Structure formats: C-alpha cells, structure tokens
1. From Cα pairs below 8 angstrom and at least 6 apart in sequence, can you work out the relative contact order of the chain, rounded to a whole percent?
2. With an 8 Å cut-off on Cα pairs and a minimum separation of 6 or more residues, tell me the relative contact order of segment 65-199 in percent.
3. If one takes the longest principal axis of the Cα atoms in the chain, at what angle in degrees, from 0 to 90 and to the nearest 10, does the Cα axis of helix 145-154 lie?
4. Would you compute, from DSSP H runs of 4+ residues alone, the mean residue ellipticity of the chain at 222 nm, taking -39500 (n - 2.57) per run and dividing by the full residue count, rounded to the nearest 500?
5. For a quick check, take a GNM of the chain with Cα springs below 10 Å and name the residue from 373, 110, 297 with the largest mean-square fluctuation.
6. Would you calculate the separation in nanometres between label points at residue 122 and residue 348, each defined as 7 Å from the Cα along the Cα-to-beta-carbon direction?
7. Among (1) 71, 44, 41; (2) 92, 87, 39; (3) 78, 52, 49, which is the computed Cα extents along the principal axes in Å?
8. Could you please rank 65, 355, placing first whichever residue has the fewest other Cβ atoms within 10 Å of its Cβ?
C-alpha cells in the first residue's frame, strides 16, 4: 500500500507541475500583450514576400484558397503565392495555371510537408524574397495579414507567428477544435511572448527571413511535425520568434471526430519524435544558461490539456477510493485550477457558441485522444493527411 501511495504522490507531483505551467501562462496571457504595433505609426516599405503553400491532394480547396489569398491589400507586385502542388489532378493544375500564382508540381514516394517546403526552398530563387510565409492549402489570410507581417519585419523581427483562428465553427466538433486552438494561441504564443520566450509556431501563418528558414529546415527528424523542428532550430540559432495577435489567418477546423483522431494521431507522433531527438539538446541548453532555447523542450513535454483533464478526473476518483481525503482534495484543487486556466484563455466570441451539446462531447474527444495516443505508431512511417472541404460559415474575430 505504501508503494501505491508513493507512486500516486509522484504522479500528482508531475501533474501539479503541468497545472502550474497552464495557470501561470494563462494569467500572463491576460495581463500582457503580444508583439503587434499600430500599423499607422510605422513607415511603410514593401518587402518582397513569398507565400509558400504546401498542398497534398488538396484539389477540393486550393482554388478557393488561392483566390481568397490574392485579395491582400499588400501591393500585388510585392508578393507571390507559391503552390507546392503534391499529387494534384491535371485539371486542378490547369486551373492554377490560369491564376497569377507560381506552381511547383511535386511528387514523393512518401509525402511530407517538410519535403515539399525543402524542395521549394531549393528550386525557388529565394534571394529575391525578403520574407517567406507558410500557409496551409485551406488557409485564408486576412486582407491585412502580409501588411502586418511586413510591419513587424520593419521593426527588426526576423521570425514571426501570426494568429491562426477558425474559419468554420459550424459543428460541435469544429467549435471545440477552435476553442482548443485559441487556448494554445493564448498559452503557447501570446503568454510565452509576455514572459520573454519565443512564440511557438503552428505550421502555418508563420514568416521568416529566407536564410533563417532554409538553415532551420536542413534537419528534419519527424514525419509530421516539421514546424516544431523549424521553431526549435530557429531558436537554437539565436533568434526570437514573435507573435502577432492581430495578424489573422483563417484555418479550417475538423468537423468530425474521426478526422480529429487522425489529426491528433499525427500530432502526438510528431511530438513524441520531437522530444526523442531534441530532449537532451534542450537539457544541455538549460544547464548552459540558455533558457530561451531550452524552454522549447519544456513546452514540448507539457501534457496536452484534454489528457490532463482526463488524468485529473481519474485522480479524483482514485483518491476517493483510497479513503484518504488529502488524495482526492489535491486533484480536485488541481482540476479547478486547470479549468480556470482554460476558461480565461478562451475568447468571448467562442464562449457564445458553447452549449450543453459541446460540453457532452468532451468525454468522447478524450476517448478519441487516448486512441490517438495508442495509434501514434501509424504516423511514424507515413504522413497522415487531414482532408479539407473548404467549409466556412464565419470568419471571426
């Protein structure tokens, strides 16, 4: 019995550190600001921007996305949309050829976003660009997105993450996925910058100086998590990644649990592979006093919020079964702190869309997440593509 208590206390200690991270960063995100600056106060110089759009079998959404992304208020001769078209249908390529975009048709035996981007970096005359932006095939940049990126680079930034938000909240699953992303924006991007660390990247809506990006993309170990490696390598090379809360890029959220599970399987596998390859490098950075870069590994080992919620609920039940009041009171307090951290991280416009239907779906999402953890080996050797439909019911905020 003493062994059980020892293991349980150790478990609660680990959970407590995770909850402490979530609550501290949630509060910091509320008290501080991101790296946005009033556009009107900054002199305008239009840097040449290349927008890389890696797209794997995205025939259903690419034409609409390209058309929307051409609507930038940024001068049309100062930015290029570059579609890296992996395994597209001939008719889609013909449609793209009629639009004012650059198209790089590619095909790989095993397709990954990292391969597509690296090929583009090698084929394109990147010395012609001052900034490279990455956008997913389904993403729609807000009309002022490139202008805000340009302003940030004019202030000296060399790496920036924009604010990715949902372009569809038309199902309960999409609403919860949108909430999840905004919580991550608050904790891992805005709050992280408030506390002086580099923003986490998210795979799209991010911008880099070309040389910095190319150097950071040379080593890729994960199948589906190239953005985390890119982010870490940028920071290891001595650069800080900023976060623009008002530079919006709209992303299609998953509308079905099956797609959610497939997507999370890929993400969990990528995170596992990332920690495997970079953990000791991060520890070395921390012991060398380079906390900004070492912090990236700490971020990677923080437990996902949905898993943490599930573990705390189970801990409460186990504590009650032991008959020891302290062993259930501690997880109850931790659970309440975690819920508070999540609640204050969600923007008001999304809370207005939450009903009992969405709340009742949370246990099913937890089950899907557990299944994703158990199935993550599937994503080690093949890229698990998330299909997009182009659905969009609203664009907020």
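1. Averaging sequence separation for qualifying contacts and normalising by length gives 23 percent for the chain.
2. Numbers: 86 pairs, mean separation 32.5, N = 135.
It rounds to 24 percent for segment 65-199.
3. The angle comes out at about 90 degrees.
4. Only helices count here, giving -16500 deg cm²/dmol.
5. The residue with the greatest mean-square fluctuation here is 110.
6. With each label placed 7 Å out from Cα toward Cβ, I get 5.1 nm.
7. (1)
8. With the sparsest Cβ surroundings first, the list reads 355, 65.
We did not get these values from a lab; they are worked out from the coordinates using the rules stated. Predicted, not measured: the structure shown is a model, and the values here were computed from it. When we count neighbours, we look across all protein chains shown, and the Cβ atoms used for this are built from the backbone with ideal geometry, even at glycine.
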